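The values are calculated or read from the model by the stated rules, or taken from the named source; none is laboratory data. Keep in mind that this is a model prediction, so the values were computed, not measured. We place every Cβ from the backbone using ideal geometry, glycine too, and count neighbours over all the protein chains shown.
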Amino acid sequence: MLSFAMPILAVAVAAPFVSPVFLGASEQGYNATVVSGLSMRLGWLACAAMSLHTYTALLRDKERKVLDPHPAQPTNLLAYLLIRTAYENLSLLLAGLVFMWPIATESMESWLICSIVVTGGWTAGLFLGFPIHLGSVWAAESPRLSGLMEMLRGSNPRMHAALIYAPGLVLAVGGVSVWAASSAALSLIGGPGLHPAFILVPFAVSGLAVSIMPALAKKSHFRATLVLAEIDGWYAQLEQPDEERLVYMEWLAVRLPYSLKEISLRELRHGWRSLRSWINGGWLIGFVCAAAGWSDSPDAWIVAGTLAGGGMVVVGGIAIKLASNNPSWLESSLPLNLRVQSLVRFVVVWLWLQGVILLPVLAVWVRQDLVAAIHLAVWTELFALAIALVGVYSSRLLSRGWGLYVPVSLAIWAMSVKGITP
Amino acid sequence: MSAIIIKNLEKRYGRVVAVDGIDLKVEPGELVAFIGPNGAGKSTTLKMLTGQLIPTSGAIELGGVDVLLEPGRAREKMGYVPEEPALYDYLTAREFLEFVVSVRGEGDIESALEFTQLGEDADRLIREYSQGMKRKTALAAAVVSKPEVLILDEALNGLDPPSAVRVKRYLRSMCDSGTAVILSTHVLDTAERIADRVVMISSGKIVADVCAEELHGQTLEQVFLERIGQTDERSSS
């Protein structure tokens, strides 16, 4: 229940503070183009997230391993996975709708129209995701598509090419339908756009996708296990033993004095090996922030900074994960100086947060000027220091630290965004 | 009709040959032990047999069904316990078996539970189970619907001695009622005691396929070392 409510509550707290950055309110109220544009972006985001969630549910879920020895009916299983994925990610949709709530304070009608667009993106991601991922299993094995897959695969195994590009295909098809819906939303709110009926395009596309799902499920469900085993086998063959031992930024700790080096290496290795997706996710968020900052608008650095702040709140939680993942016997049998450990963890978390910062700063420097980039760099670095500090102090409470970290870091985010918003 | 037919089965990973042209037939009611050193290709063969891995070449039929062309029907005919069984941690063993029966459409939960002797533990959450109890649950799930073919990948590992004895007896009784069983193991004693036939695999090839009566006073260990030694010599020469 908490994991369901937490993103919605977090967005509810942050939305009033950060919405001016995205909605650009003026004395005349919200601009219709900006409002429909926000609904389009949120629709895209929901579609992309659902595309990835459907991939995980269908192909990489641990349930596949449990069910594999048994003759489960693929169509029944697909229906179950669809309902489960929808339920598990409903909070994402609700969070998106809450994020747009400031629009409702001015016009409930506009909020409802934008909500249809975002819901359309979420629905398209869900309903397109399953058939496209099932289709990707067929494509992976299809002799007719082998030439195309060979061209697309890069350094991956040929079969993997189909699976890698499937989420992008979901986003492409879902994204066009969301664009059509947001254009229709603009015309409904009072601007120039497509016919209002186009607001239903994502739902129509979803309906079409549902109709082909059963046949694809029967064809591809069991084959997916085989395709995944081939792909994993191919990667396992390439795996170098040294690769597993390489640790991101370990070189920074190697020359430190012994008392610091031991703890630093432990934190860096533990984080990289057990929480790598958090660290890599930081760079991915940084890429999204860079895209937001890649604009001629003088406010682009503020938008990029706001997004980067939100991203750092997420990535900064790694401090608590680090502490709570550590076996308690290790902490008690190898007691460390708490002050030194906190200092090291603070520095390590701050270093990991650089992934969120560097790319948007670079983007703003290239598209605007050095002054805007310096503004962004100073603001994000100060924010990173604050988040690392809150993370490290919260980590002393182990997993209970989330209760302290989430509200405090969100409050810092909201207030500091308010501070830089003109 | 044979319960299992494997024809010229091969699996390559790049230059590495994991399984190298295996031919094997198992008849209904036969219990075949599949033995070999670590990395010999036992699990790879069983994974191909159960439709978890695509063979590089060759054909597999299970109860007359092509495993690759009709994976759903092949699963209806088999019960399978993988080397590392996956279960639902937040179900009890009884609930898990009820689930498996609902998926398979038929089954006798009580007799499967009786054979594994989980007793009162059958109503505890699987996440609280020891490794051996999890394996027993996976075994019960594999036999609950009385499959035509039972495939066990190192399934006796982690069982306490009384349970292992009971499982061996149960397997024997299943064979008597017509089920074909393939059991991979590295415990030669187990293979010698319960199997009708012992198939030895080394470096992806079958190096011996002997019936219990063909041992001519030799122990399985002697035959095993002799055959494995021979292949090692061949490959080194």
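In this structure, B:Lys42 does not qualify as surrounded by fewer than 17 Cβ atoms within 10 Å (Cβ to Cβ), more than 10 Å from chain A (Cβ to nearest Cβ) and charged (D, E, K, R). Of the helices (runs of 4 or more DSSP H) lying entirely inside the range A:257-347, those containing at least 1 residues that are touching a residue at least 60 places away in the same chain (Cβ under 8 Å) and among the small types (Gly, Ala, Ser) span A:258-274, A:276-293, A:300-316, A:318-325.
Of the set (1) touching a helix residue (DSSP H, G or I) at 6+ places or on another chain (Cβ under 8 Å); (2) more than 16 Å from B:Ser43 (Cα to Cα); (3) surrounded by fewer than 23 Cβ atoms within 10 Å (Cβ to Cβ), all apply to B:Lys205 but (2). Among the residues of this structure, B:Glu76 counts as one that is at pLDDT 90 or above, more than 16 Å from B:Val16 (Cβ to Cβ) and part of a helix (DSSP H, G or I).
Residues checked against (1) at negative phi; (2) of a type in the set (Val, Ile, Thr); (3) buried (at least 19 other Cβ atoms within 10 Å of the Cβ):
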{"site": "A:Lys62", "(1), (2), (3)": "yes, no, no"}
{"site": "A:Leu67", "(1), (2), (3)": "yes, no, yes"}
{"site": "A:Pro71", "(1), (2), (3)": "yes, no, yes"}
{"site": "A:Pro74", "(1), (2), (3)": "yes, no, yes"}
{"site": "A:Leu77", "(1), (2), (3)": "yes, no, no"}
{"site": "A:Leu82", "(1), (2), (3)": "yes, no, yes"}
{"site": "A:Thr85", "(1), (2), (3)": "yes, yes, yes"}
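For B:Val19, the conditions (1) surrounded by fewer than 21 Cβ atoms within 10 Å (Cβ to Cβ); (2) within 14 Å of another protein chain (Cβ to nearest Cβ) are fulfilled apart from (1). Look at A:Gly135 and say whether it is buried (at least 23 other Cβ atoms within 10 Å of the Cβ) and of a type outside the set (Asp, Glu). When the stated conditions are applied, A:Gly135 does not pass them.
Every residue, every condition in (1) away from chain A (no Cβ under 14 Å); (2) out of contact with any strand residue (DSSP E or B) (no Cβ under 7 Å at 6 or more places or on another chain); (3) over 22 Å from A:Leu67 (Cβ atoms), yes or no:
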position: B:Ala33; (1), (2), (3): yes, no, yes
position: B:Gly64; (1), (2), (3): yes, yes, yes
position: B:Arg75; (1), (2), (3): no, yes, no
position: B:Ala86; (1), (2), (3): no, yes, no
position: B:Gly105; (1), (2), (3): no, yes, no
position: B:Gln117; (1), (2), (3): yes, yes, yes
position: B:Glu120; (1), (2), (3): yes, yes, yes
position: B:Ser130; (1), (2), (3): yes, yes, yes
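Being within 14 Å of chain A (Cβ to nearest Cβ), farther than 17 Å from B:Leu171 by Cα and of a type outside the set (Phe, Trp, Tyr) is a property that holds for B:Val100.
Here is a list: A:His133, A:His160. Which entry is under 17 Å from A:His53 (Cα atoms) and touching a residue at least 40 places away in the same chain (Cβ under 8 Å)? None of the other options fit; the residue is A:His133.
Restricting the first member to the range A:216-233 and to residues that are more than 12 Å from A:Phe130 (Cβ to Cβ), and the second to residues that are of a type in the set (Phe, Trp, Tyr) and surrounded by fewer than 22 Cβ atoms within 10 Å (Cβ to Cβ), the beta-carbon pairs closer than 9 Å and six or more apart or on different chains are A:Lys219/A:Trp138; A:Arg223/A:Trp138; A:Gly233/B:Tyr13.
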